[in-house]
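Step one of this worksheet: look at the structure below.
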Amino acid sequence: GVEYDSNASQLRIKGRNAEENPYIKMGGYHTVDLGVNQKFTLNKGYWDVLSLERIETACDPTQKADVLAAVMEEGLCNICLVTSAMTIVRSRIEMNIPRKRKGACSRRDKAMFQFYESIIHSLRRHANFKVLKCVIIASPGFVKDQFYEYMIAEATKHEYRDVIENQSKFILMHSSSGRKHALKDLLADTSVAAKLADTKAAGEVKTLDNFFKMLQNEPNRAFYGISHVERANNEEAIQILLLSDDLFRSCDLQTRLRYVNLVESVKGYGGDVKVFSSLHVSGEQLSQLSGVAAILRFPLPELESDVDEDDSDLDA
């Protein structure tokens, strides 16, 4: 089996040894941990087009970290790193903040300053400003504004050069909450999209948003579920194919090949293929729609009328 630890950035591989060596007996069970920048050799009998594309993307230095986001509300802050492949919660800060009471403002203010101080230290620890395109500070209400004002004052007072020299990268935005899922709306915002026009994460959010708009306004040009999508593919009608990368991790080889063949077919007649990371919020949303969807070049009313078909059926 293969497991990925996003916090440690490690790949854990478990299995039986298939080749005699001085360290592990033949057929013995063994676990290998592969970390960042650790060299290894991977042999496969067949490399499909998706596997090759993902290797090329992983080796492209322009596809690294895009955004650091601090999504907060009073007493809660999630600091997330948004890369081309995933959204990782790097730090979660929780503190009890006393309620506003007459004559007890100093106690509340002290707690808020401690909360802000913890966020500043965590932001500076996780922010690599050399590669970040922007840092989003978001919250409901005025928490973001009060935090940013406090951070700049502290940076000036203590000469935090990394913060002072990169003020232009900070964007203050409204969010629905201080939780990770609020990131979806933030990445779709036009002010952020302008800075992230060439990043995969923003592209995923925009594509999924276009799909939902199409589903609402022109339902005979937007479909989800493997059976509907395959039938649209048979008509060479797919303009954009949306897939969750979870589908390519199936333990069943025939299921994986089914989706690989779908991808190669769509690309064969000029369709665009978007593979969504299940570690992004947009990828999680797509997975809830069976993990496969399509925006069509032209309407297919006969597919729309077949609403009773089981789209989640993966039988060959």
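If you fit an axis through the alpha-carbon atoms of helix 105-126 and take the longest principal axis of the Cα set of the chain, what angle between them do you get, 0 to 90°, nearest 10?
On a 0 to 90 degree scale, this one is about 50.
Extension gain Asn261-His30, at 0.36 nm per residue separation less the Cα-Cα distance, in nm? List each step's numbers first, then the result.
Values: separation 231, 0.36 × 231 = 83.16 nm, distance 3.30 nm.
Extending this stretch completely gives an extra 79.9 nm.
Assign unit charges at the C-beta atoms only (+1 for Lys and Arg, -1 for Asp and Glu), then state the dipole size of the chain relative to its Cα centre in Debye, rounded to the nearest 20. Write down the numbers at each step before the final one.
Working: 40 positive and 45 negative charges, 412 e Å.
I would put it at about 1980 debye.
Taking +1 at the Cβ of each Lys and Arg and -1 at the Cβ of each Asp and Glu, which of Ile240, Asn220, Ile97 sits farthest along the dipole of segment 97-252 towards its positive end, judged by Cα position relative to the Cα centre?
My answer, from the dipole projection, is Ile97.
For segment 89-132, how big is Rg over Rh, using alpha carbon atoms and the Kirkwood form of Rh? It would help to have the intermediate numbers written out before the result.
Working: Rg = 14.1 Å, Rh = 12.1 Å.
Result for segment 89-132 is an Rg/Rh of 1.16.
Keeping all protein chains in place and using 1.4 angstrom, which order do Arg231, Arg92, Arg16, Arg221 fall into by accessible surface area, from largest down?
On the way: Arg231 90, Arg92 115, Arg16 160, Arg221 40 Å².
Largest accessible area first, the residues go Arg16, Arg92, Arg231, Arg221.
Tell me the angle of helix 253-268 to the major Cα principal axis of the chain, expressed in degrees between 0 and 90 and rounded to the nearest ten.
Roughly 90 degrees, rounded to the nearest 10.
Taking 7 Å along the Cα-to-C-beta vector as the label spot, tell me the Gln10-Glu94 distance in nanometres, rounded to one decimal.
According to this spin-label approximation, the distance is 2.5 nm.
Measure nothing but the geometry: give the 0 to 90° angle between the long axis through the Cα atoms of 49-58 and the longest principal axis through the Cα atoms of the chain, rounded to 10°.
Around 20 degrees separate the two axes.
By what distance, in whole Å, do the Cα atoms of segment 110-225 stretch along each of the three principal axes, largest value first?
Result for segment 110-225: principal-axis Cα extents of 59, 30, 21 Å.
If DNA, RNA and ligands are ignored and the probe is 1.4 Å, what is the ranking of Cys251, Cys80 by accessible area, most exposed first? Mind dumping the intermediate values first?
Working: Cys251 140, Cys80 0 Å².
Listed by decreasing accessible area, they come as Cys251, Cys80.
For segment 190-300, which whole percent of the accessible surface, found with a 1.4 angstrom probe, sits on carbon and sulfur atoms?
Working: 2350 of 4860 Å².
On segment 190-300, the fraction of accessible area on carbon and sulfur atoms equals 48 percent.
For Leu52 paired with Lys130, estimate the spin-label separation in nm (one decimal), with each label point 7 Å from Cα along the Cα-to-Cβ line.
Computed distance between label sites Leu52 and Lys130 equals 3.3 nm.
Given the chain, what whole percent of its Cα pairs are spread farther than 23 Å?
Working: 32228 of 49770 pairs.
Distances greater than 23 Å cover 65 percent of the Cα pairs.
How big is the accessible area of Leu172 in square angstrom, nearest 10, if you roll a 1.4 angstrom probe over the protein chains?
In the full protein context, Leu172 sits at about 70 Å².
Set the Förster distance to 30 Å, then compute FRET efficiency between Phe113 and Ser191 from the Cβ-Cβ distance, nearest 0.05.
Values: r = 29 Å, r/R0 = 0.95.
E(calc), rounded to 0.05, equals 0.55.
Net charge around His30, counting only other residues with Cβ within less than 14 Å of its Cβ (Lys, Arg = +1; Asp, Glu = -1)? If you can, show how the numbers build up before the last one.
Values: positive: Arg12, Lys14, Arg16, Lys25; negative: Glu19, Glu20, Asp33.
With Lys, Arg at +1 and Asp, Glu at -1, the net is +1.
When the convex hull of the C-alpha atoms of segment 198-255 is computed, what volume per residue in Å³ does it have?
Hull volume normalised by residue count: 109 Å³.
The values are calculated or read from the model by the stated rules, or taken from the named source; none is laboratory data. These numbers were taken from a predicted model, which means no experiment stands behind them. Reconstructed Cβ throughout: ideal geometry from the backbone, glycine too, with neighbour counts over all protein chains shown. Surface accessibility is based on the protein's heavy atoms, side chains included, excluding ligands, DNA and RNA. Shrake-Rupley method; radii C 1.70, N 1.55, O 1.52, S 1.80 Å.
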